[in-house]
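**Q** Please read through the structure below; I'll follow up with questions.
The values are calculated or read from the model by the stated rules, or taken from the named source; none is laboratory data. These numbers were taken from a predicted model, which means no experiment stands behind them. Note that we place each Cβ from the backbone using ideal geometry, even for glycine, and neighbour counts take in every protein chain shown. The accessibility values were calculated without ligands, DNA or RNA, using every heavy atom of the protein model including side chains. Shrake-Rupley method; radii C 1.70, N 1.55, O 1.52, S 1.80 Å.
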Amino acid sequence: MIPYGQQDINQQDIEAVLETLQSDFLTQGPRVPAFEKTVAEYCQVKHAFAVNSATSALHIACLALGVEASDIVWTTPVTFVASANCALYCGADVDFVDINPETFNLCPQKLEEKLKQAASENRLPKVLIPVHLCGLPCDMRAIKQLADEYDIKIIEDASHAIGGRYEDLPIGSCQYSDITVFSFHPVKIITTAEGGMAVTNQSDLAEKMALYRSHGITREPSLMTHEPDGPWYYQQVELGFNYRMTELQAALGVSQMHRLDAFVAKRHQIADRYDDLLKNLDLTMPVRSTSSYSGLHLYVIQVDAKKRLGLFNLLRESGIGVNVHYIPVHTQPYYRSLGFKIGDFPGSEYYYSRAISLPMYPNLTENDQNYVVAKIKEGLML
Ligand SMILES: *Cc1c(COP(=O)(O)O)cnc(C)c1O
């Protein structure tokens, strides 16, 4: 089976993990801070917190921004459920902003309309979570301008986008956001098996995320309510979680970071080749931006909704692990039980009815890519 996404693990990655396995620390050692430093430097951001998943990173990001019951968080319907679930974990309500029909990212115009409406009803969100879908950066300048106007905080869900750039700064620089979150799941751009990271330039948010990641416990005397009883002393000052990343994962992360630029460059080569091979077919290729640099986590084509299932089935039967990203979150049964329904976000639903994610990962061979394209041609003729 040719998968839609796959990690690239080399001998150096393996040695980094083995070396860690034989070292003094399997958790809470030097490698997690080293990984955080590597990512922070790469992203040109001040603070970074490695955690056990992007889902956890989204959760501590919401908590650090003070999201609680009675608050509202907005995101896009076209994302993985975790982008919305993080707000529910905090007891907040979730709502969605429909997508731009070309980029499939959260649409600034629709955001503006919805904000006006929400302001008139006194139901403004506290936090907005734009997602750089497939790695393509959102229109962050426009989104940030609106967020400032309405005093809303921003968490960038950059699970697809490490290695990408927006306005000549790396995704993760938080130029137009309060916190940015990355995922290191094996299908994403770099991997730590499971893993995620939250980055920020704001020291108050950094302090809170450090607490929430590890039980709300601090060993820092300045954060305690009184003088430490002794050198063993720690205090729990918040209700936190155990979201820590292991040393094995961090060692793998550091090693993978060495190849991040090469991974993304290879993804661009593969996308260029798809663009070329698919250009005369009855389908819509993804938008390729010239003003920003995509992480290119996914390459999603759009086909006639009536042909999608047949094409999808033919590709799967041909050993091609195509997928669909994403089923709009508001249509999930859990979200329907909260009151959302089909028809609420027509742009997202239309996108979903036509989307297929093609294989996209650094080790995809030209032969395999040719085979995928040949089968798409066959499938479109059905
Ligand atoms: C993968 C993904 C997540 C969750 O990442 P995990 O590391 O698996 O928790 C969140 N948001 C988006 C957009 C994702 O693609």
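**Q** Please report the orientation-averaged projected area of region 1-65, defined via the convex hull of its C-alpha atoms, in nm². Mind dumping the intermediate values first?
**A** Details: hull surface 27.2 nm².
Averaged projected area of region 1-65's Cα convex hull equals 6.8 nm².
**Q** Moving to a separate point now. I need the shape label for region 87-159. Rule: rounded when a/c is under 1.5, else prolate if a/b > b/c, else oblate, with a, b, c from the alpha carbon gyration tensor. Could the numbers behind the result be given before it?
**A** Details: a/c = 1.72, a/b = 1.27, b/c = 1.35.
Note, shape of region 87-159 comes out oblate.
**Q** Only helical DSSP H runs with n ≥ 4 go in: add -39500 (n - 2.57) per run for the chain, normalise by residue count and round the 222 nm mean residue ellipticity to 500 deg cm²/dmol. All intermediate terms of the calculation are to be shown ahead of the outcome.
**A** Numbers: 13 runs with 148 residues, N = 382.
Rounded to the nearest 500, the figure is -12000 deg cm²/dmol.
**Q** Now a separate question. In region 1-85, which GluC sites (Glu not before Pro) are in a loop and have at most 14 other Cβ atoms within 10 Å, using DSSP for the loop call? The partial results should precede the final answer.
**A** Working: sites: GLU15, GLU19, GLU36, GLU41, GLU68; in loops: GLU68.
In loop regions of region 1-85 (DSSP not H, G, I, E or B), the sparsely surrounded GluC sites (Glu not before Pro) are GLU68.
**Q** Please list the radius of gyration and Dmax for region 59-129, considering alpha-carbon atoms only, with Å as the unit.
**A** Reported Rg and Dmax, both Å: 12.0, 35.
**Q** How would you classify the chain from its alpha-carbon gyration tensor, with a ≥ b ≥ c the square roots of the eigenvalues: rounded for a/c under 1.5, else prolate if a/b is greater than b/c, otherwise oblate? Intermediate values should be presented prior to the final figure.
**A** Details: a/c = 2.07, a/b = 1.28, b/c = 1.62.
Oblate.
**Q** Can you tell me the Rg and the Dmax, both Å, for the Cα atoms in region 260-380?
**A** When restricted to the Cα atoms of region 260-380, Rg and Dmax are 15.6, 47 Å.
**Q** Moving to a separate point now. Let me have the relative contact order for the chain, percent, based on Cα pairs under 8 Å that are six or more residues apart. The partial results should precede the final answer.
**A** On the way: 795 pairs, mean separation 87.7, N = 382.
It comes to 23 percent, rounded to a whole number.
**Q** Taking the alpha-carbon set of region 234-306, what are its Rg and Dmax in Å?
**A** 19.9, 64
**Q** Tell me the GluC sites (Glu not before Pro) within region 77-129 that lie in a loop according to DSSP and have at most 11 other beta-carbon atoms within 10 Å. List each step's numbers first, then the result.
**A** Numbers: sites: GLU102, GLU112, GLU113, GLU121; in loops: GLU102, GLU121.
Sites meeting the loop and neighbour criteria: GLU102, GLU121.
**Q** Okay, moving on. Give me the lysines in straight-line cross-link reach of LYS37: C-alpha distance below 30 Å, same-chain residues under 8 apart excluded.
**A** Counting by Cα, and skipping residues close in sequence, LYS37 has these lysines nearby: LYS46, LYS126, LYS144, LYS153, LYS188, LYS208, LYS266.
**Q** Which of the GluC sites (Glu not before Pro) across region 155-196 are loop residues per DSSP, with 14 or fewer other Cβ within 10 Å? Mind showing how you got there, number by number?
**A** On the way: sites: GLU156, GLU167, GLU194; in loops: GLU167, GLU194.
Here the sparse-neighbourhood loop sites are GLU167.
**Q** Using a 1.4 Å probe, how large is the accessible area of PHE80, given in Å² and rounded to the nearest 10?
**A** 110 Å²
**Q** Shifting gears a bit: If you roll a 1.4 Å probe over region 111-189 with all protein chains in place, what percent of the accessible area is carbon or sulfur? Write out the running numbers ahead of the final one.
**A** Details: 1160 of 2850 Å².
Ligands and nucleic acids excluded, carbon and sulfur reach 41 percent.
**Q** Same structure again: Treating the angle as unsigned and between 0 and 90°, give the value, to the nearest 10°, between the Cα long axis of helix 54-64 and the longest Cα principal axis of the chain.
**A** 50 degrees
**Q** What's the whole-number percent of alpha carbon pairs in region 55-193 lying beyond 19 angstrom? If you can, show how the numbers build up before the last one.
**A** On the way: 4395 of 9591 pairs.
The calculated P(r) of region 55-193 puts 46 percent of pairs beyond 19 Å.
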